[in-house]
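A short write-up of the structure that comes next.
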């Protein structure tokens, strides 16, 4: 099952991919390569919103699991996403791509607050908008933040670039017999707990009829292939 051409997308990148081959932090060379792929997508005529996770620096749930207050840990994770957003903004602007960062936690010295109409105007002017700090509240992941911004900005699709090449019926890293879906509907993802995104994000996309395209961003050139309807991917959408 294919998708119609997109005009506006939200690209969600997991924070871990920004590590490149490192164990922690930001690999500037890898971020530059990612930025080049995003630029190529924009040059094709797309309007692009970006959301980047913070797992390469700090993950709130991991901090909570080690005894930290969950809300405090989540706020720290949100700050990590702002750092990643600024790193991507720098890489994009070095390529000549005008970019704005909007944060759900106000920090006016480094970025704008999230203002939907202002973000709309940036997109109309050909700028990429990077949304940081999730939804601005604890107990929500950046997946939920991505789904919220995709709905808010009326995106045609949410593309999730991760370290795996789609959605499987089991963890492919642990189970060599795991099978990848080409397409799957939202309700199956939720009922079978397929770990595409957290349940609230999937439900929000379902309710707003936003298809989710899951693919590996680690494979160079894969973003262009996926946008062209090729490459290896899984499409999560309502059954025809």
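Somewhere in the stretch 7-28, is a residue more than 20 Å from residue 164 (Cα to Cα), surrounded by fewer than 17 Cβ atoms within 10 Å (Cβ to Cβ) and in contact with a strand residue (DSSP E or B) (Cβ under 9 Å, 6 or more places away or on another chain)? For the stretch 7-28, residues more than 20 Å from residue 164 (Cα to Cα), surrounded by fewer than 17 Cβ atoms within 10 Å (Cβ to Cβ) and in contact with a strand residue (DSSP E or B) (Cβ under 9 Å, 6 or more places away or on another chain): present. The requirement of being in contact (Cβ under 8 Å) with a residue 24 or more places away in the chain and on the phi > 0 side of the Ramachandran plot is not satisfied by residue 119.
Determine the pairs where a residue that is touching a residue at least 24 places away in the same chain (Cβ under 8 Å), located within the stretch 41-69, has a partner that is surrounded by fewer than 17 Cβ atoms within 10 Å (Cβ to Cβ) and in a strand (DSSP E or B) with Cβ atoms under 6 Å apart, the partner being 6 or more residues away or on another chain. Correct list of pairs: 47/8.
With 131, 215 as the choices, which residue is in a strand (DSSP E or B), over 16 Å from residue 49 (Cβ atoms) and either touching a strand residue (DSSP E or B) at 6+ places or on another chain (Cβ under 8 Å) or free of Cβ contacts under 8 Å to residues at least 60 places away in the same chain (or both)?
215
Looking across the stretch 75-91, the residues that are under 12 Å from residue 139 (Cβ atoms) and crowded, with 23+ Cβ neighbours inside 10 Å come down to 77, 78.
Scan the stretch 122-138 residue by residue and report those that are surrounded by 13 or more Cβ atoms within 10 Å (Cβ to Cβ) and at positive phi. Steps first, please.
Just the residues of the stretch 122-138 that are surrounded by 13 or more Cβ atoms within 10 Å (Cβ to Cβ), to begin with: 122-123, 127-138.
Selection gives 133, 134, 136.
Annotation note: Cβ proximity below 6 Å between a residue of the stretch 225-240 that is without any contact (Cβ under 8 Å) to a residue 12 or more places away in the chain and a residue that is buried (at least 16 other Cβ atoms within 10 Å of the Cβ) (sequence gap 6+ or interchain) occurs for 225/231.
Just one residue in the set 175, 198, 165, 192 is in contact (Cβ under 8 Å) with a residue 12 or more places away in the chain, over 29 Å from residue 42 (Cα atoms) and either out of contact with any strand residue (DSSP E or B) (no Cβ under 7 Å at 6 or more places or on another chain) or buried (at least 18 other Cβ atoms within 10 Å of the Cβ) (or both); that residue is 192.
Computed from the coordinates by the stated procedures, all read-outs in this text should not be read as laboratory data. Only a predicted model underlies this, so the values are computations on that prediction, with no experimental measurement involved. Neighbour counts are summed over all protein chains in view; Cβ atoms, including those assigned to glycine, are modelled from backbone coordinates with ideal geometry.
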